[in-house]
Protein chains: 2
Amino acid sequence: MTRPRSRRGGGRPTIADVARKAGVGAITVSRALREPGRVSEDLRRQIQAAVDELGYVPDPNARALASARAEVFGVLVPSLTNNVFAEVVRGIYDSLSDSPFRIQIGNTHYSGLEEERLLQVFGSQRPAALIVAGIDQTPSARRLLENAGCPVVQVMETGPDPVDMMVGFSHFDGGRTATEHLLQAGYRRIGFIGARMDPRSQRRLAGYRAAMEAAGLFDPRLVTTTPVPSSVSLGRELFRDALAKMPTLDGVFCNNDDIALGVLFECHRASIDVPKQIGIVGFNDLDMMQVSFPSITSVRTHRYEIGTRSVAMALAAIAGNPPKQRILDLGFELVRRESTAR
Amino acid sequence: MTRPRSRRGGGRPTIADVARKAGVGAITVSRALREPGRVSEDLRRQIQAAVDELGYVPDPNARALASARAEVFGVLVPSLTNNVFAEVVRGIYDSLSDSPFRIQIGNTHYSGLEEERLLQVFGSQRPAALIVAGIDQTPSARRLLENAGCPVVQVMETGPDPVDMMVGFSHFDGGRTATEHLLQAGYRRIGFIGARMDPRSQRRLAGYRAAMEAAGLFDPRLVTTTPVPSSVSLGRELFRDALAKMPTLDGVFCNNDDIALGVLFECHRASIDVPKQIGIVGFNDLDMMQVSFPSITSVRTHRYEIGTRSVAMALAAIAGNPPKQRILDLGFELVRRESTAR
DNA sequence: CAGACAAATGGTAGCGCTACCATGATTGGG
DNA sequence: CCCAATCATGGTAGCGCTACCATTTGTCTG
């Protein structure tokens, strides 16, 4: 005789308990839960009753081990506090909340090495799908993604060579559009102010530069950047640096909205008239851009939608219908406001 | 003879492969990886070599199943985009990045029902620890936490009756302190403006009310709240409502910094002098509070630290040394700035 | 130097679930 | 009315790992 029932597990009901109580085989319980269509109405009801009575909850670990597939979406973002990624993640969560999939977020801290490490960790679980921010994976990270054995969606940007699928937009075009808007509004000595300067910021800068060069107005001294993480207060400081370096500045395209807000505050403080003396354009169009005084022109990006669409694509691929369009460009919109209306 | 080696798993190296290659038993490999001290120097080296050569990565699902314990921290927060929780989560991630623990975040959307559901899901994995925001769990959620069989840390607030451990501060005291500061600065018709009004906001409101009543100045018409989620633009609207309702308002204590910023912008727009005509106090002390013009007085909370401390406590409990102080009050600090300096 | 004990290693038996392959019952076409 | 093709169900054998209990060897004590 075996030990009474003091399983190592700790006595939670198992599928075998449910099967016994419902008078069916364990496998039938498993099927009733995962593919109800394949079990007769009668048994399904019996099984459900047993599940309810026992309070049975399937063990996801056992499930993952037996099926060689965990019901987990791995998500890799470079920052948890940056509102931009938080919105993407929120979109992912909302899209997955009614599914059996759990979500595991990794924070790469903008580090390729950390990304590799996390990919290794995530991959070891055999996730159902991977969603990663950015398209600049290290060669080794890329290899990990290619061999992940699950759908992979790169988000935030679009580029020519997806590992699998992509959802995002062109940061280069965003930067160029923002800058062209300032040019059209009549600004000439337009600076670029950027913090963090991750690859996406670099491409926005490149877009800025392209627009300025096309207008014959580019000057390297107009560019003020730092690798330091972005913040409103940093925006203020960078703007002061920029002004000190280039007092004739009459416009700025900011890396993101935090920086733009910092610039606006410094303008208030220094009694610089916006938009008369300085035009300001931000990037992402956070809620506060429409409320500030003056309101700030910004490039609206569809962050939440990037999250929801990436999940939709991954889910379709899991279901066996990978979208034929593997690259989804959600674009952006320039939202003109008071900060550039002169 | 069994099938060549086409295991269902997909051919990744397993612990048995490593053991074979290193010429030891599987159990010894397992030990070498988890408790290196219990394996001799020699074998440890051999095993490490085999691991490296094969590129072996342990399967966390198998591990969790065999040991009845997943190396997962479950984290439940009401919002992913609210900077406050994002900071807590960041603290949790940073504290856990060098540990073997994975993190799983659940978004409760401020819903008790959703919290129960997620607790059920998380519990089914037998997590190593649970960190949940707030102290107002439903009775059934509380029962789930009590029976989780792992350390539990309630974060963001302190209260009298922890499930297990607690890290946070008193929102009531925070609200009272903010309001008393406005009173001391000479403001009299001080309004409360709040969005979302989750339990923590309610307690800040209660603190406001206590201070106002103590000064004999409380008037229900001074309170403007909405269940709508907080945002800068909402702050502006609520302030306009408050002013319409009570034109003699001379100060506002805002639910949070977003609201405060919205109030400030509306003051700019309506040419209301801050701090002369209106004093403003925010809550949380986000970076932008110090940069705005005028800078905004706020109650600084230690969000990142709440994250790191909660992990430290959970880790200690896992290691078998639960802290004797089960409630950790990290306090807050009133940061006086221009918005209340008259 | 016997006996006790610790340290290092290994074998066996699951953890709770599902893939895979039966099995028996039912259908339906010729 | 037979045989194939389906459907509903179940048994068995793992998935990859670790808990538990040996076993072996070396070391210490009296």
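Check cross-link reach from B:LYS245 to the aspartates and glutamates: straight Cα distance under 16 Å, and skip same-chain residues fewer than eight apart. B:LYS245 reaches B:ASP219, B:GLU237, B:GLU266. Computed 3J(HN,Hα) for region B:109-117, one whole-Hz value per residue from the Karplus formula 6.51 cos²θ - 1.76 cosθ + 1.60 where θ = phi - 60°, is 6, 6, 10, x, 5, 5, 4, 4, 4, glycine and proline marked x. When A:CYS150, A:CYS254 are compared by accessible surface with a 1.4 Å probe, the order from highest to lowest is A:CYS150, A:CYS254.
P(r) tail, the protein assembly as shown: Cα-Cα pairs separated by more than 34 Å, 53% of all pairs. With only the Cα atoms considered, chain A has a convex hull volume of 168 Å³ per residue. B:ILE27 contributes about 100 Å² of solvent-accessible surface, heavy atoms of the protein only, 1.4 Å probe.
From largest to smallest, the equivalent ellipsoid semi-axes obtained for region A:252-323 from the alpha-carbon gyration tensor read 38, 9, 8 Å. If you wrap region A:213-342's Cα atoms in a convex hull and average its projection over all directions, what's the area in nm²? The Cα convex hull of region A:213-342, projected and averaged over all directions, gives 10.1 nm². For A:PHE218, the solvent-accessible surface computed with a 1.4 Å probe is close to 50 Å², ligands and nucleic acids excluded.
Among A:PHE192, A:PHE332, the sequence by solvent-accessible area, most first, with a 1.4 Å probe is A:PHE332, A:PHE192.
Residue-wise HN-Hα couplings along region B:275-286, as the Karplus relation 6.51 cos²θ - 1.76 cosθ + 1.60 with θ = phi - 60° gives them from phi, are x, 4, 7, 9, x, 10, 10, x, 8, 3, 6, 5 Hz; Gly and Pro carry x. A 1.4 Å probe over all protein chains sorts A:THR14, A:THR248 by accessible area into A:THR248, A:THR14, starting with the largest. Value of Rg to Rh for region B:295-342, rounded to two decimals, is 1.25; Kirkwood radius and Rg both from alpha-carbon coordinates.
Antiparallel beta bridges, as assigned by DSSP with both residues in the protein assembly as shown, represent about 10 percent of the total such bridges.
Enumerate the amide H contacts of A:ARG326 below 5 Å, restricted to partners 5 or more residues apart or on another chain; note that Pro and chain-start residues carry no placed amide H. So A:ARG326 has HN proximity to no qualifying residue. Of all beta bridges that DSSP places with both ends in chain B, some 10 percent have antiparallel geometry. Please give the Cα centre distance for region B:252-279 versus region A:262-300, rounded to the nearest Å. Spelled out, the Cα-based centre of one part sits 17 Å from the other.
In the assembly of identical copies, B:ALA244 has its label point, taken 7 Å from Cα in the direction of the beta carbon, separated from the corresponding points by 4.7 nm (ascending, one decimal).
Under a 5 Å amide H cut-off, with hydrogens placed 1.01 Å from N, A:VAL155 pairs with A:VAL132, A:ALA133, A:GLY134, A:VAL167 among residues at least 5 apart or on other chains.
Only the Cβ atoms of Lys and Arg (+1) and of Asp and Glu (-1) were treated as charged; on that basis the dipole of the protein assembly as shown about its Cα centre amounts to roughly 1760 debye. A convex hull fitted around the alpha carbon atoms of region A:15-58 yields 54 Å³ per residue. Distances between placed amide hydrogens fall under 5 Å for B:GLY279 paired with B:GLY251, B:VAL252, all partners being 5 or more residues away or on another chain.
The heavy atoms of B:GLU41 present about 100 square angstrom of accessible area, all protein chains included, probe 1.4 Å.
Computed with the Debye formula from one identical point scatterer per Cα of region A:54-109, without solvent, the log10 of I(q)/I(0) at q = 0.13, 0.14, 0.27, 0.31 Å⁻¹ comes to -0.43, -0.49, -1.06, -1.20. Relative to its Kirkwood radius, the Cα radius of gyration of region A:140-207 gives an Rg/Rh of 1.15.
The local environment of B:ALA32, defined by Cβ-Cβ distances under 12 Å, has a net charge of +2 under the rule Lys, Arg +1 and Asp, Glu -1. Over all other residues within a Cβ to Cβ distance under 14 Å of A:VAL228, the charged ones net out to -3, with Lys and Arg as +1 and Asp and Glu as -1. Each copy carries a label point for A:LYS276 at 7 Å from Cα along the beta-carbon vector; from one copy to the others these points are 2.0 nm apart, nearest first. A simple charge model with +1 on the Cβ of Lys and Arg, -1 on the Cβ of Asp and Glu and nothing else charged puts the dipole of region A:15-58 at about 140 debye relative to its Cα centre. When the solvent-accessible area of the protein assembly as shown is split by element, carbon and sulfur atoms take up 51 percent of it, the probe being 1.4 Å.
The values are calculated or read from the model by the stated rules, or taken from the named source; none is laboratory data. Just so we're clear, the structure is a prediction, and the values are computed from it rather than from any experiment. Neighbour counts run over all protein chains shown; Cβ positions are idealised from the backbone, glycine included. Calculation scope for accessible area: heavy atoms of the full protein, side chains included, ligands and nucleic acids excluded. Shrake-Rupley method; radii C 1.70, N 1.55, O 1.52, S 1.80 Å.
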